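K.L.:
Sharing a structure below in structure tokens format, with a few things to ask.
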Amino acid sequence: MPNTLMQDRALVALANRQAGLVCQRQLLALAIDRTVVRSHVRRRRWRRVHPGVYATFTGPLPDLGRVWAALLYAGAEAAAGHETAEWLWGMRPDLPAQLVVCVPHGRRHQPSRLGVRVRQSRHLAANRHPVRMPPRTTVEGTVLDLTHEARTERAVIDLVLRACQQRRTTPSRLAAAAEARPRLRWRRLVTDLLNDVSDGVATPLERCYVRDVERAHGLPRGSRNQVEGFRGSRRYRDIRYQRWRLVVELDGRAAHPEEERELDDIRDNEVAERGERTLRYGWPGILTRCGPNCVALASLDAVLVPL
């Protein structure tokens, strides 16, 4: 087989693995001369995305192509991190405008440029996922990196609960990763959150209810997020007080579309048909006067009395 044909096939295979992106280092490894690259660019078959990084197609660069371009620019040891890795793991809907790629601490690396931030990481060797492509930090490493830089408790709570609720990781794996880090901002909060998740808490509103209503006022412990029903008609009840035949449903959304409200009515009717009661709260019912006059507490005190 002619050498050029082998090169072409190897190049196509490489580009297909990297969303159509290649870099000068890889091209040299395939013995593809710089003059060939310049010819492709000049004829507008390829285009330069970053110094030494080329898209082997025309047209707009897709999100995955942006990630590969940033990684190829940063070097062979680079891995997507922070919000970029969060997007790759499916934990955020949109790829950020500025991509973050991590490189080993102390190594010579390419400088940051418009749209790409190159960061040195002391934890990259331990945090880099061994097989996933594009290269990225592990879910646990990503969550802890973002947690360490979070500015508010609310951001930490949302991030940790979201990662566990979406089943991207588990409390035990996150706890082990946090234990391995000598420095971690919000460590106590992360530990408390993981304990709450292990106790069945799945959302920030559920955590607020459990801590500020149920535990703070000595109410009985309910079972949380237990599946009920048969295949095809299964339901997840936020909190159930079995002894009192009571279900508490928590809704943290600011807007509640009409079709979803109808589904709530159906679920409530199913509970009523079994002779049970449903109490439903949102953020205002939990947070407003969250003390002796808490809206949720007043309702629960009337129900959760000793039998």
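K.L.:
Suppose R0 equals 41 Å. What FRET efficiency, 1/(1 + (r/R0)^6) with r the Cβ-Cβ distance, do D158 and N16 give to the nearest 0.05?
P.N.:
After rounding to 0.05, the efficiency reads 0.65.
K.L.:
Right, something else. Say R0 is 30 Å: what FRET efficiency, to the nearest 0.05, do Q242 and S198 get from their beta-carbon distance?
P.N.:
0.90
K.L.:
OK, next. Work out Dmax and Rg for the range 126-192 from the C-alpha atoms and quote the Rg first, both in angstrom.
P.N.:
11.5, 33
K.L.:
Using 0.36 nm times the number of residues separating S112 and R187, minus their current alpha carbon distance, what extension gain do you get?
P.N.:
24.0 nm
K.L.:
Return the sequence-ordered ³J(HN,Hα) values of the range 45-56 in whole Hz as given by the Karplus equation 6.51 cos²θ - 1.76 cosθ + 1.60 applied to θ = phi - 60°, using x for Gly and Pro.
P.N.:
Coupling constants for the range 45-56: 7, 10, 9, 7, 9, 10, x, x, 10, 10, 8, 8 Hz.
K.L.:
Spin-label point model (7 Å from Cα, Cβ direction): what's the L5 to A216 distance in nm?
P.N.:
So the label points at L5 and A216 sit 7.5 nm apart.
K.L.:
Could you work out the per residue convex hull volume over the alpha carbons of the range 3-59, in cubic angstrom?
P.N.:
In the range 3-59, the Cα hull volume divided by residue count equals 77 Å³.
K.L.:
May I ask you to list the residues of the range 110-129 whose amide nitrogen lies under 20 Å from a point 7 Å from Cα along the Cα→beta-carbon direction of A180?
P.N.:
From the range 110-129, the list is 120-129.
K.L.:
Which trypsin sites (Lys or Arg not before Pro) does the range 44-82 hold that lie in a coil by DSSP with at most 10 other beta carbons within 10 Å?
P.N.:
In loop regions of the range 44-82 (DSSP not H, G, I, E or B), the sparsely surrounded trypsin sites (Lys or Arg not before Pro) are R44.
K.L.:
Please give the length that would be gained between F57 and Q120 if that part of the chain were fully extended, namely 0.36 nm times their separation in residues minus their C-alpha to C-alpha distance (nm, one decimal).
P.N.:
19.6 nm
We did not get these values from a lab; they are worked out from the coordinates using the rules stated. Bear in mind that the values here come from a model prediction, so they are computed numbers and not experimental data. Heads up, the Cβs are rebuilt from the backbone with ideal geometry, glycines too, and the neighbour counts pull from every protein chain shown.
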